[in-house]
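What follows is a short report on a single structure.
Just so it is clear, none of the values below were taken in a lab; they were calculated from the coordinates. Please read all numbers here as calculations on a predicted model, not as lab measurements. FYI the Cβ positions are ideal-geometry reconstructions off the backbone, even for glycines, and counts take in every protein chain you see.
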Amino acid sequence: MEVNTKIGLGTGLAVCALLSLTAVALADYTRTFRIEANGNKKKTQRVGDAYKLTLERQLSDTPCVNRRNFGLKNGVAWADDGCRGIFKAHYRSDRPGSGWNDNDDNDDSFWGGNTVRLESLRGEFKTKRIDRNARVTLKRKLSKEPCTKDVTWGYGEGTLWVRNGCRAEFTVRRR
């Protein structure tokens, strides 16, 4: 008995496309930021529901050692004892409570000209899922705190985000 193990080019491409879409749909997302603990003064940064913190680049002469002089606890990244660096908070996009749908009363997909309200209350980092190909503009600022693109709000990789007290309505359009 002979088994045919050949797969046609079309079938192979379809399987590859399906696997890559699945990987993208379940991919984690990250946020990069700087914490500088000068001397023995502890510094913190709220990171919401990040599940992991990694050191991307050390800026200090003092070695930064995870759980010794930097770490993650209860949604707060911290550095202490002279550790200064660029850190990356890792978030899961494939589980409830990952931050994707905070304050979400509507469908997750915004395809064209929709108004999206996103609020960073008490300075936390908030996100909302949007179309990966969306273009976002600030429609109306609601907070007293500044809403500055790429500083206190931004978007990319299918995510709209706010932080540091920025509360606003955004217009989301498909490109």
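At-a-glance table
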{"read-out": "Spin-label pair LEU59/LEU121, simplified geometry with 7 Å Cα→Cβ offset, distance in nm", "value": "3.1 nm"}
{"read-out": "HN-Hα J in Hz across region 37-50 - Karplus 6.51, -1.76, 1.60, θ = phi - 60°, x for Gly and Pro", "value": "9, 7, x, 9, 8, 6, 10, 10, 8, 5, 10, x, 9, 4"}
{"read-out": "Sequence-distant residues sharing a close amide H with LYS52 (under 5 Å, placed H)", "value": "HIS90"}
{"read-out": "Peptides 149-160, 79-90 ordered by average Cβ neighbours within 10 Å, highest first", "value": "79-90, 149-160"}
{"read-out": "Reach of LYS126 by Cα under 25 Å, taken over lysines that are not fewer than 8 positions away in the same chain", "value": "LYS42, LYS43, LYS52, LYS73, LYS88, LYS139, LYS141, LYS144, LYS149"}
{"read-out": "Pairwise label distance in nanometres, GLU169 with ILE86, each label 7 Å out on the Cα-Cβ vector", "value": "3.7 nm"}
{"read-out": "Pairwise centroid distance, computed over Cα atoms, of region 49-73 with region 116-151, Å", "value": "27 Å"}
{"read-out": "Relative contact order of region 38-88, defined on C-alpha pairs under 8 angstrom at six or more residues apart (%)", "value": "53 percent"}
